[in-house]
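Written below as C-alpha cells is the structure these notes are about.
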Amino acid sequence: MKRIFLRNHFFTQLAHAHENLLAVKMDGITKEEFAWGFRVGFVTYGIKGGGTELYKALEDKTAGAVRVIFPMPRIFPNHYC
C-alpha cells in the first residue's frame, strides 16, 4: 500500500518527470506548534537521474542561502533566552 501512495504522490511524479526538471517541496511549522522561538523548515529536492554529487551541491547551495537569509543575531534579545 505504501508503494502505491509514493508512486502517485504529486511531488514524486514531478521528480521523475524529466531530467531537466527539478522538483522542490518546502514545508514548515509555525513556532507555536513546535516551541516558542524556534523556526523549523524542510526542503526536499527531487530530480530524475539525480546522483550524490547533484544532491550534495543542492544541499550546499541551500545551506548557504539559509545562512545569508536568516543570519544568527550577534546579541540575543531577552525573548530568545
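The values are calculated or read from the model by the stated rules, or taken from the named source; none is laboratory data. Since this is a predicted model, take the numbers as computed values, not measurements. A quick note on method: Cβ atoms are made from the backbone with ideal geometry, for glycine too, and the neighbour counts reach across all protein chains shown.
Among the residues of segment 58-68, count how many are surrounded by 12 or more Cβ atoms within 10 Å (Cβ to Cβ) and at pLDDT 85 or above.
Taking segment 58-68 first, the residues surrounded by 12 or more Cβ atoms within 10 Å (Cβ to Cβ) are 58-59, 62, 66.
Filter again for at pLDDT 85 or above, leaving 58-59, 62.
Matching residues across segment 58-68 total 3.
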Task: Leading residue by the ranking (modelled with the highest pLDDT) among those in segment 1-47 that are part of a loop (DSSP other than H, G, I, E, B) and aromatic (Phe, Trp, Tyr) - done: Phe38
